[in-house]
Amino acid sequence: MGLVKLTIDGNEVQVPKGTMVLEAAEQIGIHIPRLCYDPDLSNVGACRLCIVEIEGMRNLPASCVTEVREGMVVRTDTPAVMEARKTVLELLLANHPVDCLTCEKLGECTLSQYCYEYGIIKSPFIGEKHTYELETDNPYIVRDMNKCILCGRCIRACAEITGKNIIDFSYRGFNTRVAPFGDTPLGESECIYCGNCVAFCPVGALSEKQMLHLGRRWNLKKVKTTCTFCATGCTFDLRVKDGKVVGVTSNPENEVNGRALCIRGRFGTRDFIHSDKRLTTPLIRRDGKLVPATWDEALDMVAERLTEITKQNGPNSFAALSSTRFTNEEIYLFQKFARAVIGTNNIDHYPSPCHGAMYREETFCSEAVCEFAGTGIPRCQNNVQGASDMGALSESLAGYQRVDQQGVRTKFKKAWGVSIPGEAGLTLSEMYDHANQGDLKAMYILGENPVLTDPNSEQIQSALTNLEFLVVHDLFLTETAAFADVVLPAASFAETDGTFTNNKRRVQRVRKAIEPIPGKANWQTIIALSAKMGYQMDYPHPERIFAEMASLTPLFARFSYKEIDEKGMEWP
């Protein structure tokens, strides 16, 4: 492609041919104001705020659509440039409500920030103003077209990021506005409500309805984490206030998805975390009914029954079914519990990358999200890769190290202090077969709902009914949990630290945003149960769990929380 050398504000810079002036300036730390430009969208040069002075050019060109040339001399802050930008801002402000004190976007509004920097209090231009009604006809997005500056970023986001082309410019001149085809309300359009238009809007024209009036943006804590809805591994910011997640916003620095999110990630996360159907206390079965119990009561019952059953029938009378939605650290501990505490390799997970949804959509989404997202749609579970990586397999430990290899077992024995069985355990289908035959007496199901999601539901129900003891560890009282003798309430991804591994093998951080709603994080529950069964696990934080896994697993030897912190890391 070749390189081009130019000078910007006295600084020489060399950039690839085809680079725009604005982008070249960014590379040497010079910020040129912009409203319509975004690095993730096509360039249109509409707002004219990014104008600069270039030797040899009569006018002030828009730097976002002006390609660099060899020997070009650019000045970004001459008096003429500054005055022209000020005029552009004043013209925009002439037809823009100055209600910043009550605007939801205050603190993140690019227009208000530039007006502050250029000292603009009000516009000298007086004329007709728009008086559009506030559009609240859909469940997710509030549209205030009086605040729209016609930058077109929402239009390009819809077309280029989401690929839907739902909105475009309508009418002409002063009456130009952004609208769906025929200027119909957004609620009557084919919008899929991903909210990507909101993420790219630089002003208060578009807002997330679920976050209205919940506080100024600077009062909402940002916690960057990884989405739990599918295996793409999108990351976003959980917005937290007073110990509750109040919404989700995009982060342009996200490695996998940038600012793009789907309806579930952006608008379903809060309802999932704070669903009134969440389990908040353990349940134990008494007189045929599941009734509330304390953590000690529940864990004592699990420890006593599992000890009793495996002592009478051997460790292989127990099996563990692992989640593909919990964190890597939780799954690693779970398979360690099966192998080190119980003494069996009877552990597996649902391997299909698009095994059915873990819960019914209506369990954790609002009715509105379900309506537009669809219910019971099979989708790739978020950590199906991690479940295999962490050793939730009957024949392999973490990192696909086979249990039938003496060197592998010796290494883990030294780290764990107990011998690892040398024969492969029961696979998923074999577990159900052995339960129906009466050989398998007890199971611990972590975050899975096979009664709903497995196509052989009748066989599953028969197998679970035939068990002497069943533990289900989950966020909701699922169809599977209804068969349990003990139900342990699980913490969501927002209530723990850890990692997920997406479908590209990228290990990414999960960060704790709020305290565990049931009172314990999942890893703490497994540690507490292990202690009651006579095996001590000493982990003050999930980072220690991950470090142990990495130390025992050549595949992850170079991985650490520090290394994967911001962008994650892919294993080969």
Within-10-Å neighbourhood charge of residue 249 [Cβ basis; K, R +1; D, E -1]:
+2
Per the rule of 0.36 nm per residue minus the C-alpha distance, extending residue 73 to residue 437 adds in nm 122.8 nm
Sorting 544, 172, 305 on solvent-accessible surface, 1.4 Å probe, most exposed first, gives 172, 544, 305
Probe 1.4 Å, heavy atoms of protein chains only: per residue, the accessible area of segment 424-572 in Å² is 37
Taking a ≥ b ≥ c as the square roots of the Cα gyration tensor eigenvalues, with a/c under 1.5 meaning rounded and otherwise prolate when a/b beats b/c, else oblate, which class fits segment 127-274?
prolate
What ranking, highest mean first, results for peptides 128-141, 381-394 when packing means the other Cβ atoms within 10 Å averaged over each residue?
381-394, 128-141
Residue-by-residue Karplus 3J(HN,Hα) for segment 200-205, coefficients 6.51, -1.76, 1.60, Hz, glycine and proline x:
9, 5, x, 10, x, 6
Check residue 164: other-chain or 5+ apart residues with amide H under 5 Å from its amide H, H built from backbone geometry?
159
Treating only the Cβ of Lys, Arg, Asp and Glu as charged (+1, +1, -1, -1), what charge dipole size does the chain show about its Cα centre? Round to the nearest 20 debye.
980
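Kirkwood hydrodynamic radius, segment 3-77, all distinct C-alpha pairs: what's the number in Å?
12.1
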Taking square-rooted eigenvalues a ≥ b ≥ c of the alpha carbon gyration tensor, is segment 237-347 rounded, prolate or oblate, where a/c under 1.5 means rounded and, failing that, a/b exceeding b/c means prolate?
oblate
Once the Cα gyration tensor of segment 68-114 is found, what semi-axes does its equivalent ellipsoid get, as square roots of 5 times the eigenvalues, in whole Å, sorted largest first?
30, 13, 8
If I stretch the segment between residue 308 and residue 134 completely, what's the gain in nm (0.36 nm per residue apart, minus their alpha carbon distance), one decimal?
56.2 nm
Calculated from backbone phi, Karplus (6.51, -1.76, 1.60) coupling profile of segment 124-139 in Hz, x at Gly/Pro
x, 8, 10, x, 5, 10, 6, 9, 5, 6, 5, 9, 10, 7, 10, x
In Å², what does the accessible area per residue of segment 3-77 work out to with a 1.4 Å probe?
48
Cut-off under 17 Å on the C-alpha distance; same-chain residues fewer than 8 positions from residue 441 excluded. Which lysines are left, in chain and number order?
311
Segment 179-308 - share of DSSP beta bridges that are antiparallel (%, nearest 5):
100
Among 341-347, 144-150, how do they line up from the highest to the lowest mean number of other beta-carbon atoms within 10 Å?
341-347, 144-150
Once amide H atoms are built 1.01 Å from N in the peptide plane, which residues 5 or more positions from residue 72, or in another chain, come under 5 Å H to H?
7
Show me, for segment 517-530, the HN-Hα J-couplings you get by feeding each phi into the Karplus relation (A = 6.51, B = -1.76, C = 1.60, θ = phi - 60°), rounded to Hz, glycine and proline as x.
4, x, x, 9, 6, 4, 5, 5, 5, 5, 5, 5, 5, 4
Computed [θ] at 222 nm, deg cm²/dmol, the chain (DSSP H ≥ 4; -39,500 (n - 2.57); rounded to nearest 500)
-7000 deg cm²/dmol
Of 17/122; 147/567; 336/520; 129/244; 86/241; 147/241, pairs whose Cα-Cα distance is over 30 Å
17/122; 147/567; 129/244; 86/241
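So for the chain: antiparallel DSSP bridges make up what percent, rounded to the nearest 5?
70
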In the chain, what percent of the accessible surface is made up of carbon and sulfur (1.4 Å probe, ligands and nucleic acids excluded)?
50
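The values are calculated or read from the model by the stated rules, or taken from the named source; none is laboratory data. All of these numbers come straight from a predicted model, not from anything done at the bench. Virtual Cβ from ideal backbone geometry, glycine too; neighbours counted across all protein chains shown. When the accessible area is computed, the model is the full protein with side chains, heavy atoms only, and any ligands, DNA or RNA have been set aside. Shrake-Rupley method; radii C 1.70, N 1.55, O 1.52, S 1.80 Å.
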